[in-house]
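Just below is one structure, and these are the notes that go with it.
The values are calculated or read from the model by the stated rules, or taken from the named source; none is laboratory data. Quick caveat: nothing in here was measured; it's all calculated off a predicted structure. Note that we place each Cβ from the backbone using ideal geometry, even for glycine, and neighbour counts take in every protein chain shown. Note: accessible area is taken over every heavy atom of the protein model, side chains too, but ligands, DNA and RNA are not part of it. Shrake-Rupley method; radii C 1.70, N 1.55, O 1.52, S 1.80 Å.
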Amino acid sequence: MANAIETASTASDGMRDQHGRRIDYLRISVTDRCDLRCRYCMSEKMQFLPRREILTLEEIAIIASRFIARGVRRIRLSGGEPLVRRDFADLARALGRHVKSGALDELTLSTNGTQLAKHAQGLFDVGMRRINVSLDALDPDIFAHITRGGDVAQVLAGLEAARTAGLKVKINTVALRGVNQDQILPLLHFCESRGFDLTLIETMPLGEIEQARADQYLPLSEAIEPIRAEHELVPLDYRTGGPARYFALTGLKTRLGLITPLSENFCAGCNRMRLTCQGRIYMCLGHEAHVDLKAAFREKGVAGIDTLLDRALATKPIAHSFSVARDAAPSTHRHMNVTGG
Ligand code: SAM
Ligand code: SF4
């Protein structure tokens, strides 16, 4: 461990983990709460954390500043649904200052889009230029089924507001066997008509849900068959800092991203760590190992952050070990809304 800690980074070098990977991307789950209940993400009766356990906005801002001083260049705000947190706009403004000063290359957001209509212009004004919006179906009934009651019209209104505000949008779609397979082509055409990119994601076994992951899992090689039938996929060098591999599609402007945690592991290039709303750092989405930054910060201030950050870097696993086999337990007890996507 001592050696591993020594190989972890210094401020001038940026941060490196024990496997030599540069870590410069922080995802922050600003709340575990959400106004939807997507079937692959949460159980129907999801228990949310008590509010007293959640980091305050000021704490998130200070912790993020320290991470930036250590070499983080990109921050993505996620959740839960970040836009349901009441003081979200203040947090975005505080973090946006780092973009304006040049300390951060990028501040982005993952959102379900339900509240986007009222936030889109504000996001642009604080310095965001690119956001990811989750949309698993255009068909109102399928959307309501997947989200357990959501209204797709709200998301579509949010997307229009984002476009008007000048935000670049990437639609994220989790491919679900027998549920939204026939939505993938309409979603692609929708993206083409709006100037959005589209990324497909394989479902990951995070937390207990009502359905067996084995039944839900649709490998992307299969999910893209209808796209392949109409367009050739041409690999691109384009990257956005995350795990997606991008392809151009003949005849279309929309780029197609593929995130394949199950069928094609991408951990070798992982540059990410995650701060939860409870103040924990997880170095891998698929492992339980974490450090409790909130306790250290409340006890020792910024010095406490540095010590734990070094410990976290030294313990980042080489890879996740996701399995959706029928008899496999979930990789973590945590659902995705806790860790942030
Ligand atoms: N609420 C926001 C949203 O839906 O975009 C942000 C948080 S959500 C957890 C972030 C991303 O994780 C979304 O694209 C969502 O579809 C994806 N996601 C959630 N649970 C997942 C799972 N078990 N496997 C794969 N992707 C998942
Ligand atoms: Fe909420 Fe996003 Fe999870 Fe859906 S994927 S339940 S919108 S946090």
Practice task
Out of the residues in the stretch 153-164 that are open to solvent by 10 Å² or more (accessible area, probe 1.4 Å) and not acidic (D, E), state the one that is farthest from L218 (Cα to Cα).
Solution key: T164
Exercise for the section: Give the stretch 197-224 a look and list any residue that's touching a residue at least 60 places away in the same chain (Cβ under 8 Å) and more than 13 Å from L262 (Cα to Cα), or say none. Expected result: D197, T199, G207, E208, I209, E210, Q211, A212
Exercise for the section: Answer yes if at least one residue in the stretch 167-184 is farther than 22 Å from I224 by Cα and either among the acidic types (D, E) or open to solvent by less than 40 Å² (accessible area, probe 1.4 Å) (or both), and no otherwise. Expected result: yes
Handout entry: Test: R97 is over 18 Å from the mean Cα position of the chain (by Cα), at pLDDT below 95 and under 25 Å from L308 (Cβ atoms)
Key = no
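Residues are listed down the side, and each one gets a yes or a no for (1) part of a helix (DSSP H, G or I); (2) in contact with a Phe, Trp or Tyr (Cβ under 9 Å, 6 or more places away or on another chain); (3) among the β-branched types (V, I, T); (4) open to solvent by less than 50 Å² (accessible area, probe 1.4 Å):
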| residue | (1), (2), (3), (4) |
| --- | --- |
| A89 | yes, no, no, yes |
| K100 | yes, no, no, no |
| A103 | no, no, no, yes |
| S110 | no, no, no, yes |
| Q121 | yes, no, no, no |
| G127 | no, no, no, yes |
| V133 | no, yes, yes, yes |
| A137 | no, yes, no, yes |
Practice task
Looking for whichever is farther than 23 Å from D105 by Cα, at pLDDT 90 or above and not β-branched (V, I, T) here; the options are L258, L262, L275. Which one fits?
Solution key: L258
Handout entry: Residues that are of a type in the set (D, E, K, R) and in a helix (DSSP H, G or I), drawn from the stretch 159-173
Key = E160, R163
Handout entry: One residue from E222, E232, E208 being at pLDDT below 95 and farther than 27 Å from F124 by Cβ
Key = E208
Handout entry: Selected residue (criterion: nearest to L95 (Cα to Cα)) from residues of the stretch 58-83 that are away from ligand 2 (no atom under 16 Å from the Cβ), open to solvent by 10 Å² or more (accessible area, probe 1.4 Å) and part of a loop (DSSP other than H, G, I, E, B)
Key = R73
Practice task
Within the stretch 146-185, work out how many residues are under 17 Å from A248 (Cα atoms) and in contact (Cβ under 8 Å) with a residue 40 or more places away in the chain.
Solution key: 4
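If I go through the stretch 248-257 residue by residue, how many of them are surrounded by 19 or more Cβ atoms within 10 Å (Cβ to Cβ), more than 16 Å from the chain's Cα centre (by Cα) and not in a loop (DSSP other than H, G, I, E, B)?
The first filter runs over the stretch 248-257 and keeps only residues surrounded by 19 or more Cβ atoms within 10 Å (Cβ to Cβ), leaving 249, 254-257.
Within this subset, residues satisfying the condition of being more than 16 Å from the chain's Cα centre (by Cα) are 249, 254-256.
With the extra rule that they be not in a loop (DSSP other than H, G, I, E, B), the set shrinks to 249, 256.
Matching residues across the stretch 248-257 total 2.
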Exercise for the section: Quick one: which residue in V72, V30 is under 23 Å from C284 (Cβ atoms), touching a helix residue (DSSP H, G or I) at 6+ places or on another chain (Cβ under 6 Å) and at pLDDT 95 or above? Expected result: V30
